[in-house]
1. Which number in (1) buried (at least 18 other Cβ atoms within 10 Å of the Cβ); (2) free of Cβ contacts under 8 Å to residues at least 40 places away in the same chain; (3) outside any helix (DSSP H, G or I) marks the one condition that LEU227 misses?
2. Go through GLU260, GLU286 for me and flag whichever is in contact (Cβ under 8 Å) with a residue 60 or more places away in the chain, outside any loop (DSSP other than H, G, I, E, B) and under 26 Å from LEU106 (Cβ atoms).
3. Answer with yes or no whether LEU140 is crowded, with 18+ Cβ neighbours inside 10 Å and within 30 Å of GLU48 (Cα to Cα).
4. Taking ALA119 as meeting all but one of (1) under 26 Å from THR258 (Cβ atoms); (2) in a helix (DSSP H, G or I); (3) at pLDDT 95 or above, write down the number of the exception.
5. Any residue in the range 80-109 that's within 22 Å of MET1 (Cβ to Cβ): show its pairings with residues that are modelled with pLDDT under 95 and hydroxyl-bearing (Ser, Thr, Tyr) at Cβ separation under 6 Å, as long as the two are six or more apart or on different chains.
6. Among the residues of the range 125-134, are any in contact with a helix residue (DSSP H, G or I) (Cβ under 9 Å, 6 or more places away or on another chain) and assigned to a helix (DSSP H, G or I)?
7. What do you reckon, is LYS246 outside any loop (DSSP other than H, G, I, E, B), among the basic types (Lys, Arg) and buried (at least 19 other Cβ atoms within 10 Å of the Cβ)?
Amino acid sequence: MIEAKFKAFEEKIAAGLVGDGSECFGFDDEISRDHDFGPSFCLWLTQEDYEKIGARLQAEVETLPREFGGVPARQESAFGGGRTGVFEIGRFYKRFIGVDHVPDSLQQWRAIPEENLAAATNGKVFRDPLGEFTAFRERLKGFYPEDVRLKRIASRCMTIAQSGQYNYARCIRRKEFVAALSAEAIFINDTISMVFLLNKEYKPFYKWMHRALKSLPILGEAVYTLLTDLVTIDGRESGEAQYEKKSACMEGLVRLITEELKNQGLSDSPSDFLLNHGPLVQAKIEDTMLRQMDVWTE
């Protein structure tokens with residue numbers, strides 16, 4: 001279709017599949033086929049080319065066969081529209097990161113949630129003759145500026161320690177089981193976030209973050225396994241034994257993290273309490289304003 005109707009732009013159109021959805025992370029399975037599943041792709045144009053042919057190209061895309069290779073047409077859910085089709089490069093990225101250019105300040109980087117950056121850099125680029133879409137993508141994939149990464153690691157040290165090493169056991173002793181479950185959930189989320197930060201990779205949407213751990217070279221497999229153990233500890237045991245095992249599992253995870261902080265030269269504290277590592281990580285931030293912020297903030 002492009003060769004026949006947009007020949008002059010054939011070497012200017014990038015194609016791929018990037019963005020929201022399990023298919024962009026390679027996690028589609030039988031369960032996920034009930035919505036937003038089926039043949040689909042994105043076409044990316046520069047602003048100049050989008051103004052020239054964007055609307056016409058989108059109209060032609062909509063006339064293409066609705067199924068491919070025996071796979072039925074994509075059935076979009078009520079909130080799944082607009083994920084595929086024709087896009088201007090800057091506007092495509094702005095949907096995820098809030099700006100139409102690579103962030104150029106620490107504050108812009110700090111404002112972007114990890115899962116948004118994961119969605120903006122996942123999937124595959126099938127073809128990019130101009131290289132402009134890929135150039136933007138590679139800058140984002142280069143990860144947060146180091147000061148932003150350190151600020152997030154410092155904050156995660158604090159919240160992992162507070163939720164898992166301190167508040168979880170206290171909630172259990174008070175028989176505040178809903179609060180204990182909340183503390184466990186925060187511990188899990190921030191532990192996974194920490195491992196992604198240590199790998200300089202973006203943590204995806206919560207539904208996929210545990211599964212995505214497996215592929216990370218630093219602590220990925222070990223933390224994946226321990227977190228699975230944490231949430232599947234046999235509930236048929238007496239309450240006290242069950243909660244003691246969970247606390248021990250949390251401590252095991254913290255030990256892995258503290259060792260990796262030392263491996264990366266981010267902390268030299270001998271403490272087993274992750275709270276004591278946060279300020280040491282933050283002290284390594286070069287930007288004065290960021291370094292002087294509350295260590296809990298991020």
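1. Going through (1) buried (at least 18 other Cβ atoms within 10 Å of the Cβ); (2) free of Cβ contacts under 8 Å to residues at least 40 places away in the same chain; (3) outside any helix (DSSP H, G or I) one by one, LEU227 breaks only (3).
2. Details: GLU286 fails: outside any loop (DSSP other than H, G, I, E, B).
None of the others qualify; the one that does is GLU260.
3. Taking the combined requirement at face value, the residue satisfies it.
4. Among (1) under 26 Å from THR258 (Cβ atoms); (2) in a helix (DSSP H, G or I); (3) at pLDDT 95 or above, the lone unmet condition for ALA119 is (1).
5. Here the result reads THR84/SER40, each pair linking the range 80-109 to a residue that is modelled with pLDDT under 95 and hydroxyl-bearing (Ser, Thr, Tyr).
6. Yes: one or more hits.
7. In short, yes.
Let's see how each residue does on (1) among the hydroxyl-bearing types (Ser, Thr, Tyr); (2) under 26 Å from ALA180 (Cβ atoms):
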site: ALA241; (1), (2): no, yes
site: SER247; (1), (2): yes, yes
site: GLU251; (1), (2): no, yes
site: ARG255; (1), (2): no, yes
site: GLU259; (1), (2): no, no
site: GLN264; (1), (2): no, no
site: ASP268; (1), (2): no, no
site: LYS284; (1), (2): no, no
site: ASP287; (1), (2): no, no
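The values are calculated or read from the model by the stated rules, or taken from the named source; none is laboratory data. No experiment lies behind these values; they were computed from the predicted model shown. In this analysis, Cβ positions are derived from the backbone assuming ideal geometry, glycine residues included, and neighbour counts consider all displayed protein chains.
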